[in-house]
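*Asks:* Pasting in a structure now, in structure tokens, and then I'll have a few things to ask.
The values are calculated or read from the model by the stated rules, or taken from the named source; none is laboratory data. As the structure is a prediction and not an experimental result, all values here were calculated from the model. Glycine also receives a Cβ, built like all others from the backbone with ideal geometry; neighbour counts cover every protein chain displayed.
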Amino acid sequence: MIIGTHFIITPDEYISPVVRHPELIRIVGIAGVLFFSSGSIYVIWKLFDNKVGLSVDEDGIYDNTNASSVGLIKWIDITEIKTEQVASTKFLLIYIKNPNDYISKIKGYKRKLLEMNYRMYGTPLSISNNSLKYDFNDLESLINERFSEHCKKCQTANMNSVKSQDN
């Protein structure tokens, strides 16, 4: 933010053969200040946020791990879970039946993040352990085990439904 502020106040000091326009330098400074300010605000907000970062129960996954978290992701909506890695950061991609339903419930900046995730990965929902005090491999195992349990319950319920229709 300091460098961005300096770009805004004294752009003439940064004129070079590559960048000759002080207005371009000023615009880069403004963009830098806005980006890093919003990131700083989010970090400070998370420091004082007393909500549980992530919980997994019989209803689904309650996600409050990042800026694009949507709250409850119901097991019944989940179709697949994949692990992805960008640089050294691993995260889970949660594929769902009805992505637009989840996106439409969210407003503003958060919605833009979900839409961007949807375009990049085919799902708006991702979970990272960056803001959690929990090992990623343990998190991955826990969520995959619970998802498998839910899938087995659904298969059993469907089999019982077919049997009762046959009678």
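*Asks:* Among the listed residues K74, K97, identify the single one that is at pLDDT 90 or above, surrounded by 12 or more Cβ atoms within 10 Å (Cβ to Cβ), more than 15 Å from the chain's Cα centre (by Cα) and in the same structural domain as Y134 (by TED's automatic domain parsing).
*Replies:* Details: K97 fails: surrounded by 12 or more Cβ atoms within 10 Å (Cβ to Cβ).
Among K74, K97, only K74 is at pLDDT 90 or above, surrounded by 12 or more Cβ atoms within 10 Å (Cβ to Cβ), more than 15 Å from the chain's Cα centre (by Cα) and in the same structural domain as Y134 (by TED's automatic domain parsing).
*Asks:* Turning to a different aspect of this structure: With over 19 Å from G60 (Cα atoms) and part of a strand (DSSP E or B) as the only criterion, which of E84, E80 stands out?
*Replies:* E84
*Asks:* Something else now. I need every pair where a residue in region 54-71 that is over 16 Å from S128 (Cβ atoms) has its Cβ under 6 Å from the Cβ of a residue that is modelled with pLDDT of 90 or more and basic (K, R), sequence separation at least 6 or different chains.
*Replies:* From residues that are over 16 Å from S128 (Cβ atoms), the pairs are G60/K74.
*Asks:* Same structure again: Do you know which of the residues in region 47-71 that are of a type in the set (D, E) and surrounded by fewer than 19 Cβ atoms within 10 Å (Cβ to Cβ) is modelled with the lowest pLDDT?
*Replies:* D49
*Asks:* Further question on the same structure: Output the residues belonging to region 87-116 that are in a strand (DSSP E or B) and of a type in the set (A, V, I, L, M). Give the derivation first.
*Replies:* First, pick out the residues of region 87-116 that are in a strand (DSSP E or B): 89-96.
Of everything in region 87-116, those that are in a strand (DSSP E or B) and of a type in the set (A, V, I, L, M) turn out to be L92, L93, I94, I96.
*Asks:* Okay, next question. Please specify each residue of region 81-102 satisfying the condition of being of a type in the set (A, V, I, L, M, F, W, C) and free of Cβ contacts under 8 Å to residues at least 24 places away in the same chain.
*Replies:* V86, A87
*Asks:* Please count how many residues of region 117-147 are assigned to a helix (DSSP H, G or I), under 19 Å from L72 (Cα atoms) and within 12 Å of the chain's Cα centre (by Cα).
*Replies:* Total satisfying the criteria: 2.
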